[in-house]
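Working notes, structure below.
Every read-out reported here was derived from the displayed coordinates using simple, explicitly stated rules and does not represent laboratory data. Source: prediction; values computed, not measured. Here the Cβ is made from the backbone with ideal geometry for all residues, glycine too, and neighbour counts use every protein chain on show.
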Amino acid sequence: MRVTLIHNPGAGKQGRDNGERLVAMLAEHGHDVRYRSSKEDGWKKALKKPADLVVVAGGDGTVARVARRMVGRGVPVAVLPSGTANNIARSLGQVERPYEELVRAWPEGRRVKLDVGLAKGPWGERYFIEGLGAGVFAQLLGNPAGKKAKKAKRPVENALERLREVAARCEPLEIAAQVDGKDISGRYLMLEAINLRYVGPNLHLAQDTQPGDGHFDVVMVTAAERARLVHYLEHWQENRDRLAVLPSLRGKRLRMEWTGFELHIDDKLKPKDDAKPQEMSGIVEARLDGDTVEFLVPDGRKKR
């Protein structure tokens, strides 16, 4: 196959020399490889060139950046996960499997559609893969300690501890919101439109989330559920697949009145530090309009 390989040499424990090793491995399996580093100019243009498969070797940030540009293209994306959380790969059942095993399985793999959400607000429009929300996640992203957690030796565990600290002390946000026209306005510690089974630091927040089912789960945590959320964050590491039993609704559109509180779209925080006044409040929507990207997923193991 003609393969475009987008590689993040800084993801996880990878070294910069791993790019050559990845190209050699793919070539050994008979693939014609076009290589681009996600750290250098040109990787976006490479995605526009003819290919049978786009392979992403990196973490969630790199996979999401590529996936947003492959919406509706009809060219599948395959993941060689090398990040810290690997939520996208984990939701597709592709973690803890050797690269060689994943590559060998591509010829008999199946295409799985993943919904791509659209976030619309006073700043414009943006696709998202994992989710959009306000409360503890966004506050963690905006906190200097949260940014340091990404660079820690155990970034997932460190982020979970920081998230638990935020959840234990933060004040609820007053949010006027609707899900598919149903009023859910209230005071929230967390209000999240979740598009994947795993989000953030590998949190399993919604039970029924499935790739490509046309719905996301809106997780709604008020002060009444604070103890339940904190308990989950304290004991999550005992079982990666532990489910946070939190109130949620399934839907296709979340609409909220944004008053400038911290809001995240995947790993991007709003408002930006240099945002104009007109970009700091207004109506925000997260919706699924049928946009999808296809992932090539090897068979042979039950999805996590």
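For region 111-127, putting each phi into the Karplus relation 6.51 cos²θ - 1.76 cosθ + 1.60 with θ = phi - 60° gives couplings of 8, 10, 7, 10, 5, 10, x, 10, 9, 10, x, x, 8, x, 10, 7, 6 Hz, in residue order, rounded to whole numbers and with x for Gly and Pro.
DSSP bridge analysis restricted to the chain gives an antiparallel fraction near 75%, rounded to the nearest 5. Contact order for region 117-287, expressed relative to its length and based on alpha carbon pairs under 8 Å spaced 6+ residues apart, stands at 30 percent. For the chain, the relative contact order comes to 22 percent (Cα pairs under 8 Å, sequence separation of at least 6). The H on the amide N of R97, modeled in the peptide plane, is under 5 Å from the matching H of no residue at least 5 residues off or on a different chain.
Taking the Cα centre of region 117-287 as reference, the dipole from Cβ charges on Lys and Arg (+1) and Asp and Glu (-1) amounts to some 360 debye.
Close amide H partners of I265, meaning residues 5 or more places away or on another chain with modelled amide H under 5 Å apart, are K270.
Dipole size of the chain about its Cα centre, with +1 on Lys/Arg Cβ and -1 on Asp/Glu Cβ: approximately 560 debye, rounded to the nearest 20.
Computed from the Cα positions only, the extents of region 117-287 along the three principal axes stand at 42, 35, 30 Å, in decreasing order.
The H on the amide N of V218, modeled in the peptide plane, is under 5 Å from the matching H of I194, L249, R250, G251, each at least 5 residues off or on a different chain. Rg over Rh for the chain works out to 0.96, both radii taken from alpha-carbon positions and Rh defined as the Kirkwood radius. With 0.36 nm allotted per residue and the present C-alpha distance subtracted, the R104-V245 stretch has 47.0 nm of extension available.
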